[in-house]
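One structure is given here, and the rest of the page talks about it.
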Amino acid sequence: MNKLHNVYAAALTLFACSAAAHELTPTYPEIRPSYINGVSVTTMQMWNRRSDALYYEVNVFDSEWNPIPFATPNRILYMGYLSHISFDIYIRDNDINKISYICTTSKQLKEDVISTGIKSKICSRIK
Amino acid sequence: MFKQILTIGAISTMSTIALAAETPIVGNVSSKCSIFTDTPGVYGNPTPDELSTLPADGGVYPVIRYDVSIADYYTAKISWPNSFSTAPSLTDSVTWDGEVEVSNTSDAGMSGYEAAKTEYENHTEYELTVAGSTWFKITSEAVYGVDKSLPGGEYKANVVAECIAD
């Protein structure tokens, strides 16, 4: 019985080690005034644990998934494997009430996809 | 001299005690969703006009794991492919089909996920109402034309896994 448990534990460990993840926080970002008049800002954090995806696209949407104009230093983020990044998103004050989602979507290079690639997208919500 | 040594010893002991007493460990669990790409899928080619991730057809299911730290904060939306991201030039239409299913869970409370899922077009949505890990397997099938052979070459398609804050 113990042997079976050991095999099960080893299998779980191997399974866990092979995983790769994409994370975006906070779930509910807060928008605060920026140093630019008429523009607000929010700060997001990302952690890339996907070795097969090194680029992530940032997007901002309203409740109907229509894109909202925004500014950020890099719309396509280059993120090394296991790297953390913190980035600011600037939004016009006129658009603050329209915003519902801030999302990051993985962008895989053609050569990194084996047969069926997995595109991961995580969206935080503005409440 | 002896008094001085005693005084220095006492001060050292006090400072050690003070240091030991001021070592707090602070933790905070906030809502978070992580998407894990556990198994990248592979298309099998059971017949000349078909590609499939079904193991019976020689394929491998793509498996995605969602981890949520707190219940009721996120919706999982998974979409099976309806186009190739890489393929040779195709002169006929491709008929796509697919299925998303819960393949494993870390909590017995997630047993109702499969019955409560919402399906539309090529999308499937699950309300992540229990904290923990959920594994989803995706079936994808592509059939080319009417009894036509798929041209030789490389075929790739993308599964889209979304985690949307409620």
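The values are calculated or read from the model by the stated rules, or taken from the named source; none is laboratory data. Being a predicted model, the structure only gives us computed values, none of them experimental. In this analysis, Cβ positions are derived from the backbone assuming ideal geometry, glycine residues included, and neighbour counts consider all displayed protein chains.
Odds and ends about this structure:
- Note on the range B:105-135: residues that are part of a helix (DSSP H, G or I) and not charged (D, E, K, R) amount to 8.
- Residue pairs whose Cβ atoms lie under 6 Å apart, sitting 6 or more positions apart in sequence or on different chains, and linking a residue in the range A:21-35 that is in a loop (DSSP other than H, G, I, E, B) to a partner that is charged (D, E, K, R), are A:Tyr28/A:Arg125; A:Tyr28/A:Lys127.
- The range B:26-77, residues that are within 11 Å of another protein chain (Cβ to nearest Cβ), over 19 Å from B:Lys156 (Cβ atoms) and among the hydrophobic types (A, V, I, L, M, F, W, C): B:Cys33, B:Ile35, B:Phe36, B:Val68, B:Ile70, B:Ala76
- Filter result (surrounded by 19 or more Cβ atoms within 10 Å (Cβ to Cβ) and in a strand (DSSP E or B)) within the range B:140-159: B:Ser140, B:Glu141, B:Ala142, B:Tyr144, B:Ala157, B:Asn158, B:Val159
- Residue within the range B:124-133 that is within 20 Å of A:Ser106 (Cβ to Cβ), in contact with a Phe, Trp or Tyr (Cβ under 7 Å, 6 or more places away or on another chain) and not hydroxyl-bearing (Ser, Thr, Tyr) present: yes
- Among strands (runs of 3 or more DSSP E) entirely within the range B:1-95, having at least 1 residues that are modelled with pLDDT under 90 singles out B:33-39.
- Unique match (being in contact (Cβ under 8 Å) with a residue 60 or more places away in the chain, more than 9 Å from chain B (Cβ to nearest Cβ), more than 21 Å from B:Tyr66 (Cα to Cα) and buried (at least 19 other Cβ atoms within 10 Å of the Cβ)) among A:Thr104, A:Thr42: A:Thr42
- Selection within the range A:73-100 - surrounded by fewer than 18 Cβ atoms within 10 Å (Cβ to Cβ) and either in a loop (DSSP other than H, G, I, E, B) or in contact with a Cys (Cβ under 8 Å, 6 or more places away or on another chain) (or both): A:Pro73, A:Asn74, A:Arg75, A:Gly80, A:Tyr81, A:Leu82, A:Ile96, A:Asn97, A:Lys98
For (1) surrounded by fewer than 19 Cβ atoms within 10 Å (Cβ to Cβ); (2) in contact with a helix residue (DSSP H, G or I) (Cβ under 9 Å, 6 or more places away or on another chain); (3) within 21 Å of A:Trp47 (Cα to Cα), each residue gets a yes or a no:
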{"position": "B:Glu22", "(1), (2), (3)": "yes, no, no"}
{"position": "B:Asn28", "(1), (2), (3)": "yes, no, yes"}
{"position": "B:Asn45", "(1), (2), (3)": "yes, yes, no"}
{"position": "B:Thr53", "(1), (2), (3)": "no, no, no"}
{"position": "B:Asp57", "(1), (2), (3)": "yes, no, no"}
{"position": "B:Val63", "(1), (2), (3)": "no, no, yes"}
{"position": "B:Asp67", "(1), (2), (3)": "no, no, yes"}
{"position": "B:Tyr74", "(1), (2), (3)": "no, no, yes"}
{"position": "B:Pro81", "(1), (2), (3)": "no, no, no"}
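- Residue in the range A:47-54 that is more than 14 Å from chain B (Cβ to nearest Cβ), touching a Lys or Arg at 6+ places or on another chain (Cβ under 8 Å) and touching a residue at least 24 places away in the same chain (Cβ under 8 Å) present: no
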